[in-house]
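Colleague: One structure coming up, written as structure tokens, with questions to follow.
The values are calculated or read from the model by the stated rules, or taken from the named source; none is laboratory data. For clarity, every value in this text was computed on a predicted model and none was experimentally measured. Using ideal geometry, Cβ is built from the backbone for each residue, glycine included, and neighbour counts are taken over all protein chains shown.
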Amino acid sequence: MSENHTEEQSSPIKTPKQLITVILLSFLVPIGLIVLLSQLLTTGLKTGDKQGAMSDEMVAARLKPVGQVEVTDPNAPKVEKSGKEIVEAVCGACHMSGALGAPKIGDKAGWSVHIAHGLEHLTQNAIKGVKQMPARGGNPDLTDTEIARAIVFMANQSGANFQEPAAKAAAPAKK
């Protein structure tokens with residue numbers, strides 16, 4: 001480089017007022033961002049109307065335990081459940097939505113082929129399991145009568161006219 005080099009370097013800051021403004025902003029902008037971020041992290045998102053995922057019901061559902069323990073006396077007589085109770089507790093998981101190809105409750109066309117085979121055939125299939133349905137709907141504690149009641153409940157809502165089986169006499173408690 002020669003000493004005759006006359007090019008001047010230019011700066012975007014030309015006046016002392018601009019210099020003071022740049023220095024102040026270089027401190028205030030990061031501090032403002034830190035304050036905003038800390039407020040977001042400590043207070044969370046605020047929703048004014050408490051709808052959707054922030055509603056009390058939805059929060060309670062997310063906090064609900066996954067399972068619960070039920071303690072029963074093994075010598076107590078078993079009380080058989082109604083068909084509706086069994087469908088709501090066991091069968092409805094697939095037969096309400098039609099999951100895994102299960103005929104949906106109320107679908108007369110879907111159930112017509114099964115209803116034509118009769119209640120006894122349907123009950124035996126449910127007890128043994130058929131296609132993707134596990135034996136006894138996945139609940140080994142269900143009695144044959146309870147399974148038949150559940151089938152009658154579902155099939156009658158889908159065009160059948162089956163009679164619900166009567167409860168069997170309770171076995172006497174062992175001594």
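Colleague: Which condition number in (1) assigned to a helix (DSSP H, G or I); (2) of a type in the set (A, V, I, L, M); (3) farther than 20 Å from Ala150 by Cβ is the one that Ile86 fails?
Modeller: Just one mismatch for Ile86, condition (3).
Colleague: Quick one: is Glu120 of a type in the set (D, E, K, R), farther than 30 Å from Ala53 by Cβ, out of contact with any Leu (no Cβ under 7 Å at 6 or more places or on another chain) and surrounded by 11 or more Cβ atoms within 10 Å (Cβ to Cβ)?
Modeller: So Glu120 does not fit the description; no.
Colleague: Under 8 Å by Cβ, and 6 or more places apart or on different chains, what pairs join a residue from segment 119-144 that is among the acidic types (Asp, Glu) with one that is surrounded by 14 or more Cβ atoms within 10 Å (Cβ to Cβ) and not in a loop (DSSP other than H, G, I, E, B)?
Modeller: Asp144/Thr123; Asp144/Ile127
Colleague: I've got another one for you. Working only within segment 124-161, note down all residues that are polar (S, T, N, Q) and buried (at least 19 other Cβ atoms within 10 Å of the Cβ).
Modeller: Passing the criteria: only Ser158.
Colleague: A follow-up question, please. Restricting to segment 37-61, and then to whatever is exposed (fewer than 10 other Cβ atoms within 10 Å of the Cβ) and outside any helix (DSSP H, G or I), can you tell me which residue is modelled with the highest pLDDT?
Modeller: Gly44
Colleague: Check segment 120-131 and report whether any residue there is touching a helix residue (DSSP H, G or I) at 6+ places or on another chain (Cβ under 6 Å) and part of a loop (DSSP other than H, G, I, E, B).
Modeller: There is at least one residue in segment 120-131 that is touching a helix residue (DSSP H, G or I) at 6+ places or on another chain (Cβ under 6 Å) and part of a loop (DSSP other than H, G, I, E, B).
Colleague: In addition: Which residues, counting only those in segment 76-115, are loosely packed, with under 14 Cβ neighbours inside 10 Å, free of Cβ contacts under 8 Å to residues at least 12 places away in the same chain and hydrophobic (A, V, I, L, M, F, W, C)?
Modeller: If the condition is that a residue be loosely packed, with under 14 Cβ neighbours inside 10 Å, free of Cβ contacts under 8 Å to residues at least 12 places away in the same chain and hydrophobic (A, V, I, L, M, F, W, C), then Val79, Ala99, Ala109, Val113 are the ones that fit.
Colleague: Taking the criterion of being among the β-branched types (Val, Ile, Thr), over 16 Å from the mean Cα position of the chain (by Cα) and at pLDDT 85 or above, would at least one residue in segment 62-84 satisfy it?
Modeller: no
Colleague: Which residues, taken from segment 139-161, are of a type outside the set (S, T, N, Q), modelled with pLDDT under 85 and in contact with a helix residue (DSSP H, G or I) (Cβ under 7 Å, 6 or more places away or on another chain)?
Modeller: Of everything in segment 139-161, those that are of a type outside the set (S, T, N, Q), modelled with pLDDT under 85 and in contact with a helix residue (DSSP H, G or I) (Cβ under 7 Å, 6 or more places away or on another chain) turn out to be Gly159, Ala160.
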